[in-house]
1. Collect the residues in the range 1-18 that are in contact with a strand residue (DSSP E or B) (Cβ under 7 Å, 6 or more places away or on another chain) and within 15 Å of residue 45 (Cβ to Cβ), keeping them in residue-number order.
2. Against the condition in contact with a helix residue (DSSP H, G or I) (Cβ under 6 Å, 6 or more places away or on another chain) and not assigned by TED's automatic domain parsing to the domain that holds residue 168, how does residue 9 come out, does it pass?
3. Within the range 97-115, which residues are surrounded by fewer than 20 Cβ atoms within 10 Å (Cβ to Cβ) and either free of Cβ contacts under 8 Å to residues at least 60 places away in the same chain or under 22 Å from residue 179 (Cβ atoms) (or both)?
4. Scanning for something modelled with pLDDT of 85 or more and either out of contact with any strand residue (DSSP E or B) (no Cβ under 7 Å at 6 or more places or on another chain) or surrounded by 15 or more Cβ atoms within 10 Å (Cβ to Cβ) (or both), does the range 60-68 turn up at least one residue?
5. Given the structure, is residue 149 assigned to a helix (DSSP H, G or I), farther than 23 Å from residue 85 by Cβ and at pLDDT below 85?
6. Looking at 80, 54, 41, which is the one that is modelled with pLDDT under 95 and either more than 15 Å from the chain's Cα centre (by Cα) or assigned to a loop (DSSP other than H, G, I, E, B) (or both)?
7. Pick out the one residue from 51, 58, 18 that is free of Cβ contacts under 8 Å to residues at least 24 places away in the same chain, closer than 13 Å to residue 76 by Cα and in contact with a helix residue (DSSP H, G or I) (Cβ under 8 Å, 6 or more places away or on another chain).
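The values are calculated or read from the model by the stated rules, or taken from the named source; none is laboratory data. None of the values given here were measured: they were computed from a predicted structure. Every residue, glycine as well, gets a Cβ built from its backbone with ideal geometry; the counts of neighbours run over all protein chains shown.
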């Protein structure tokens, strides 16, 4: 799956209604431009595409009294909400070694009930273990990875990454089960969105007003 749709839907949902510059600011604030392929152009493209697909409702906003072009604010439709939770659950359980998908799922996991988040993470571990077994069964020679030469280091990397992922997720499950964080139905979670007018210390470039039209 692509992380951009989950990230954009999740960012809009956090605000209720948001324009493209707010979505971009939040994703940069979360560091998504560092651990995913989320670029300004892809954010605005995703907003407009999902509006055409009926996942977002586009509200045309009049120009401000200070001047400037009108903006478009986006809001999740019922279909958009269903798609958001589908992508979130997939991001928490799928194992394809893509950091952006996993990070996106972890970033929005508190939108789910605590028990469901734990269950999805346990399913992720099961899938990683199944993937690891398939690698060691089909790609590791009886005499060891050394028989593959330096190419064997790729297999070492795969296995090490899987083991490290399992260890980290087990720790996360323990923290969640121990009461860490506020999940759906437990009060107000930490949403981490930029307040209106607050300067973004992680901004990557200049914003052009026409992007929000």
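1. Answer for the range 1-18, where residues must be in contact with a strand residue (DSSP E or B) (Cβ under 7 Å, 6 or more places away or on another chain) and within 15 Å of residue 45 (Cβ to Cβ): 9, 11, 12.
2. Numbers: in contact with a helix residue (DSSP H, G or I) (Cβ under 6 Å, 6 or more places away or on another chain): yes; not assigned by TED's automatic domain parsing to the domain that holds residue 168: yes.
Criteria met by residue 9.
3. 106, 110, 111, 113, 114, 115, listed by residue number.
4. Restricting attention to the range 60-68, the residues satisfying the condition of being modelled with pLDDT of 85 or more are none.
Looking for residues that are modelled with pLDDT of 85 or more and either out of contact with any strand residue (DSSP E or B) (no Cβ under 7 Å at 6 or more places or on another chain) or surrounded by 15 or more Cβ atoms within 10 Å (Cβ to Cβ) (or both), one finds none in the range 60-68, hence no.
5. Details: assigned to a helix (DSSP H, G or I): yes; farther than 23 Å from residue 85 by Cβ: yes; at pLDDT below 85: yes.
Criteria met by residue 149.
6. On the way: 80 fails: modelled with pLDDT under 95; 54 fails: modelled with pLDDT under 95.
The conditions single out 41.
7. Working: 51 fails: in contact with a helix residue (DSSP H, G or I) (Cβ under 8 Å, 6 or more places away or on another chain); 18 fails: free of Cβ contacts under 8 Å to residues at least 24 places away in the same chain.
Criteria check complete, one pass: 58.
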